[in-house]
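Accompanying notes for the structure given below.
The values are calculated or read from the model by the stated rules, or taken from the named source; none is laboratory data. Given the structure is predicted, the values throughout are model-derived calculations rather than measurements. Here the Cβ is made from the backbone with ideal geometry for all residues, glycine too, and neighbour counts use every protein chain on show. Keep in mind that these areas ignore ligands, DNA and RNA; they rest on the heavy atoms of the full protein, side chains included. Shrake-Rupley method; radii C 1.70, N 1.55, O 1.52, S 1.80 Å.
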Amino acid sequence: MTESTAARKPRRSAGSKAAGTTGTEASGNTGTKAAGNTGGKAAGNTGGKAAGNTGGKAGTGTKRTTRTTGTRTTRPTRTTRAAAKKGSETELVQLLTPEGERVEPTGKAAYAEYAEYVAGITPDELRGLYRDMVLTRRFDAEATALQRQGELGLWASLLGQEAAQIGSGRATREDDYVFPTYREHGVAWCRGVDPTNLLGMFRGVNHGGWDPNSNNFHLYTIVIGSQALHATGYAMGVAKDGADSGVIAYFGDGASSQGDVSEAFNFAAVYNAPVVFFCQNNQWAISEGNEKQTRVPLYQRAQGFGFPGVRVDGNDVLASLAVTRWALDRARRGEGPALIEAYTYRMGAHTTSDDPSRYRHDDERAAWEAKDPILRLRRHLESAHHADEGFFAELEAESETLGKRVREVVRAMPDPDRLALFENVYADGHALVDEERAQFAAYQASFAEAEGV
């Protein structure tokens, strides 16, 4: 576990392991077998001081400097980079190991602070979390299959990120407000949004499909990172209204490089906005690894803005639930924003238009499959005798029913109006747009003529 604040140095444990997890291949089953694994080391870079040396030899921990005409260029030495890399091996909040064992916060005061938020969790609540993850994965698998069959134009899978989404989603209260990206299908499930309502936009027949104010769940945001600003502005309004509700904004590791996110951090800090920034670090953004995105672990960025940052095992549903409850509680109490980095892994493609084999290796995925979030909780349920085969069989049947309903609803949706994209470009119309519409209509008609329709 690591918590960082402006007033307190982040705790680090050299050689500590960053456990993340993600799912196995999407299927209709309630879980698949995978060997447990406590996880690999978290990559990142905490930086570290290095003394500049303009005239002498570059030594251990110093920066090598070279002079050019009128300027000075400073480069970190190999030893500086190595020390920084070693310092980046961070600890993270984990309450359930990949083997399904509860982690006791003995000797870790901060662990105990988070663990209190799930100390009284009941077997029924644990089964509920497991059900949420299984049904969310089944829905996601069906949507992926429907896109491959031509029923959807695109789909962004959450495979492997179920624990981060369900844990954080179940931490919210009814009066909290959620600002998602386009991948928070599990959070939508927790907020009571019918999963079939998520599919209309990906079929091209609507711009969202649900009323955001009915569930306090904003429409999906396609523009990367902009929802962080929306959430911050909304949270500032909540504070001015005197309400005690919280706001949570979801984004990924790639979005953390966007200026909008940095601006949101600054506004939230300055105005003490009751907002939680929940970053699902699934390691690859669209196609770039963490080492090409940041020199420090993402949660440590909060330190520079003056609010706490915590890294949590994003494949541990209990840890995700506990830390998000903590962050939302402090936001509602008027203690300002917090950043949660859920360290997880995107098991599938960025979207169905992506081919991850072009930028990552199968053995990396296999290592994360061994830390599957659903299997992790199932192991715990079984070892603690909180669930029997009857429960799993019943859930399997419910999963099949959900899959069938998703297929039926999507196939009953109308085909998108292909000419609709030309509407509302200009308020009063435009001759060039009219010309392009006519050309596109003729192009579409040529297919019908070729088929003899």
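For the range 328-374, which residues satisfy the criterion of being at pLDDT below 80, small (Gly, Ala, Ser), part of a loop (DSSP other than H, G, I, E, B) and open to solvent by 30 Å² or more (accessible area, probe 1.4 Å)?
Residue satisfying the conditions is Ser353 alone.
Just the residues that are closer than 19 Å to Val238 by Cβ and charged (D, E, K, R), please, taken from the range 248-263.
Residue satisfying the conditions is Glu263 alone.
So, of the residues in the range 93-149 that are crowded, with 20+ Cβ neighbours inside 10 Å and free of Cβ contacts under 8 Å to residues at least 60 places away in the same chain, which turns out to be farthest from Glu400 (Cα to Cα)?
Asp132
Please give the number of the condition Ala384 fails out of (1) under 26 Å from the mean Cα position of the chain (by Cα); (2) aliphatic (A, V, I, L, M); (3) closer than 24 Å to Arg102 by Cβ.
Ala384 satisfies all of (1) under 26 Å from the mean Cα position of the chain (by Cα); (2) aliphatic (A, V, I, L, M); (3) closer than 24 Å to Arg102 by Cβ except (1).
Could you tell me which of the residues Val433, Val409 is open to solvent by less than 60 Å² (accessible area, probe 1.4 Å) and either closer than 29 Å to Pro195 by Cα or of a type in the set (Ser, Thr, Tyr) (or both)?
Just a single option satisfies the conditions, and that option is Val409.
Looking at Arg437, Arg407, can you tell me which residue is part of a helix (DSSP H, G or I) and either aliphatic (A, V, I, L, M) or touching a Phe, Trp or Tyr at 6+ places or on another chain (Cβ under 6 Å) (or both)?
Answer to the check: Arg437.
Within the range 210-224, which residues are open to solvent by 70 Å² or more (accessible area, probe 1.4 Å), without any contact (Cβ under 8 Å) to a residue 24 or more places away in the chain and either among the β-branched types (Val, Ile, Thr) or in contact with a helix residue (DSSP H, G or I) (Cβ under 9 Å, 6 or more places away or on another chain) (or both)?
Selection gives Val223 alone.
Considering only the range 395-429, how many residues are under 29 Å from the mean Cα position of the chain (by Cα) and free of Cβ contacts under 8 Å to residues at least 12 places away in the same chain?
Residues meeting the conditions: 4.
So how many residues does the range 299-327 have that are open to solvent by less than 10 Å² (accessible area, probe 1.4 Å) and among the aromatic types (Phe, Trp, Tyr)?
Selection size over the range 299-327: 2.
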